Amino acid sequence: MASGIPKPRLIKAIIDTFSEPKIRSVFKLMPTTNIAERLLDMRKDSLEEFLISSAKGSALFRDLKERFPNNMPRTFFLVKLPPRKYTEELEIVVSRLAKRERENALLVNSRIRAVYLEDEANIVDEWRLLELPIAYERKLEYQIGNPPESERYGEFEQTYSLEHAFVWLLDEYSHGIVCCSDLAALQAILSYCREILSLRMAIPNMTSHIFSRLIEKGEPSSATFSGLPLGIPTVTVYARNVDQTELYQELEEDPDREQTAGFFRNDAGELFLSFGISRRYSRIWTPWHYSKPWLVNASKVIIKKTEEELSREYETDHLSYLSYFSNVGVIVGRKALDGKARELFQRLLSEMLNAYRHGNEVVISSDFLYDLIHLQLKLDLQLSFCYECPNCGGGLGRCPDCLLPYDVRIMDNVIKVVCPKCKREVQSEQTVVCECGTEIEIADVETHIQIYPGALLIQSIEDFISQNLDEFSWHGIFVIDGLVLKLFEKRSPKKELPGLLRLNQLASWQGRAQYSRRRARQKYLPLLGMTKEKCYRNNTPPTVESCETCKASEITEKQIRKRKEVCLPRIFGLPIGERFDGIHHAYEIADVKYKDFYNGTGISLGIHLKSRTKSRPEGLGKSIYPIKSLYTQVFYSAYQVFKGDADFDVIGISIPNTVKKEVVDSVQLLLNKLGYGLLVIDESDWLKIFDAALETVAFEEVA
């Protein structure tokens, strides 16, 4: 089998190695025959056999074989990756995997059966290049045609072809090159790098400006234009001097089309003598068999031009800049975004980048708000309905009957604000009843909606920015308030606190309440069910006046044991000498707000309370109404701190039930990421709280 060395390079090596008489003698050339031209007509294997007939020629042949590998692909994909020192960080990992050869294979799909490292990494110090030699098994299907008399003649058969590829990683560059045959192989190789090497690479979409930079010195021999005028999505033009043709110029000037691919000749030699390039998936191909050094240098030129143009586009056109990354996969939690959800993620990044460059605020469209509401679950967004109340201050909108935060959803292509339980609906140009009983006028529902990112979305945005957007070094969060998207720098914890706290770690409960000696007495379970987050004393909901009267009086054991006579916040405060109530005052954004100490450090706490609900054997999960309500309230209060409306070190969730660990973990993940500690108060804690509260009132009654 002939080598991958181009015939002109073999001929040059022969002429440099052997004398002219020797060459003419072996190949029987006339004295007047041009040697180089005549050898081009010779069989390649004959030329190679002659070259290796001498020691000098054999050494030269070995060197040429290394420079022109027989299995070198001629299609190259530009990939995006984080800039790292790959020659140092990946060499050991790759060497360990390469020793196992096919045992380290990743089984992919029916088209590409397996991908693996077929040899140790090759490091070229002068280029600061790490080369990963990849092998993959491609399925081939064919129809049996030999012998004609076979019983299986005409049947379909399949086998697997072993094919080869390379991944080139350059130290401190944010792009790499994958040399492989097609997109199916590329996807398989990217999967292997991600899952086996923990190396995340993405396929960018080349922007029109980058495309223009790479072809600026090339003369096109074909051009492909994409768009949708006249119902013809793609037009490709082939012709000598194609850019001079009337059709090419007409397509180039058409505002509804743009050039997306082409084949070019480049006599300047900066890249290739001839090459094809496609913006989609940043694919480059060439019919010529180039040496590896040439290909590496050409790759570095392509990468350098691409990164220069990206930096320029970041400053001048952020939409074009972000479009380069539209093919990059995005995972929120464990689910990959696709379709409309992936488009919205891209749009969200665009609005964030726009806000970052315009004072950290930007006005968004109603259509974008609508789409975010529609896909809130896929994107891990938390929504709330908020308003201002002249009586209690307002804040987070809750149903006055069920005390659950309103849901914001799309129903019949309209934004609806409804109670998840009783289905009470809030509509524009109507009044909404605040939980304090005040009627609030709502002019436009849109302006009262707030949207907050969940912990999973925050992590996805951080990962996307750090792995792809080299020019955008921002770490923070966003809030959408009505039709205004606002950016906030990530809040650094002011004090050293654990991610999760319990009451027995707080000074007030350790000391005055003597929490550590309390037992969770099951006999108090009925009291947990009888006592609600708001009282209903004298069969009326609480008001500011009635709450003030209650706080000024002393609570008795009889009142605690009477259904709906005392609220949970009032009970919570008894063991520690605090007087809380069940109604908000002037924009308080938590049911209980007070100061305590942790290991001698003063801390500010905001706690959200929910009434006891029906117990579940495994505890309350995310789908239970009160838990959903706690989620909304936690998001709301956490982000109010970013807006400057409150200042908490710790945010608490409290419900007199057993809560599933996954609920606590997800709330803790969000709060810790935002710079808060989480306090959890559950059924066991409330049994101890009631024990301490009853002891407190009994002591006061005796006194």
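The values are calculated or read from the model by the stated rules, or taken from the named source; none is laboratory data. Values in this document were obtained by computation on a predicted structure and should not be read as measured data. In this analysis, Cβ positions are derived from the backbone assuming ideal geometry, glycine residues included, and neighbour counts consider all displayed protein chains. The protein model used for the area step is the full one, side chains on, heavy atoms only, and it has no ligands, DNA or RNA in it. Shrake-Rupley method; radii C 1.70, N 1.55, O 1.52, S 1.80 Å.
Subtract the Cα-Cα distance of Thr540 and Glu49 from 0.36 nm times their separation in residues, and report this length gain in nm to one decimal.
Numbers: separation 491, 0.36 × 491 = 176.76 nm, distance 10.36 nm.
Answer, rounded to one decimal: 166.4 nm.
Given points 7 Å out from each Cα along the Cα-Cβ axis, report the Ser623 to Ser365 separation in nanometres with one decimal.
The two pseudo-label positions are separated by 3.6 nm.
Between Ile92 and Ala336, what's the calculated FRET efficiency when r is the beta-carbon distance and R0 is 45 Å? Round to 0.05. Don't jump to the answer; show the numbers that get you there.
Details: r = 30 Å, r/R0 = 0.67.
Computed FRET efficiency for Ile92 and Ala336: 0.90.
Normalised by the number of residues in the stretch 126-268, what is the relative contact order in percent for Cα pairs under 8 Å and 6+ residues apart?
17
Gain in length, Lys562 to Leu162, computed as 0.36 nm per residue apart minus the alpha-carbon separation, to one decimal in nm?
Taking 0.36 nm per residue and subtracting the Cα distance, the gain is 136.1 nm.
Using alpha carbons only, what's the Rg to Rh ratio of the stretch 441-566 with Rh from Kirkwood?
Checking Rg against Rh, the ratio lands at 1.13.
Full-extension gain between Thr447 and Thr236, please, as 0.36 nm times their residue separation minus the C-alpha to C-alpha distance. Before the final figure, lay out the partial values.
Values: separation 211, 0.36 × 211 = 75.96 nm, distance 4.85 nm.
Once the chain is fully extended between Thr447 and Thr236, it gains 71.1 nm.
What is the chain's relative contact order, in percent, from Cα pairs under 8 angstrom and six or more apart in sequence? Intermediate values should be presented prior to the final figure.
On the way: 1273 pairs, mean separation 61.1, N = 703.
Relative contact order of the chain: 9 percent.
Enumerate the lysines that Lys562 could reach by cross-link, defined here as Cα to Cα under 17 Å, with residues fewer than 8 away along the same chain left out.
Lys523, Lys532, Lys534
Against the longest alpha carbon principal axis of the chain, how many degrees, from 0 to 90 and to the nearest 10, is the axis of helix 7-17 turned?
With both axes taken from Cα atoms, the answer is about 60 degrees.
Sticking with the crude label model, points 7 Å out along Cα→Cβ, report the distance from Thr245 to Arg357 in nm, one decimal please.
Result for the modelled spin labels: 3.7 nm.
Return the carbon/sulfur percentage of the accessible area of the chain, one whole number, probe 1.4 Å, all protein chains in place. The partial results should precede the final answer.
Numbers: 16090 of 33410 Å².
Looking at the chain in its full context, I get 48 percent from C and S.
For the stretch 1-149, what is the relative contact order in percent, using Cα pairs closer than 8 Å and at least 6 residues apart in sequence?
Contact order relative to length: 17 percent.
Straight-line reach only, C-alpha to C-alpha below 27 angstrom: list the lysines that Lys304 could link to, leaving out same-chain residues fewer than 8 apart.
Lys80, Lys85, Lys217, Lys292
At 1.4 Å probe size, with every protein chain present, just tell me what the per residue accessible area of the stretch 485-532 comes to in Å². Please list the in-between numbers first.
Numbers: 2760 Å² over 48 residues.
I get 58 Å² per residue for the stretch 485-532.
Under 27 Å between alpha carbons, and skipping anything fewer than 8 positions from Lys495 in its own chain: which lysines qualify?
Within the straight-line limit of under 27 Å, Lys495 reaches these lysines: Lys486, Lys593, Lys595, Lys643, Lys661, Lys673.
Measure off 7 Å from each Cα along the Cα-to-Cβ vector at Glu252 and Glu548, then give the distance between these two points in nanometres to one decimal.
Roughly 7.9 nm, to one decimal.
Quick one: putting +1 on the C-beta of Lys and Arg, -1 on the C-beta of Asp and Glu, what dipole do you get for the chain around its Cα centre, in Debye to the nearest 20?
2440
Rounded if a/c is under 1.5, else prolate if a/b beats b/c, else oblate: with a ≥ b ≥ c from the C-alpha gyration tensor eigenvalues square-rooted, which is the chain?
Cα axes put the chain in the prolate bin.
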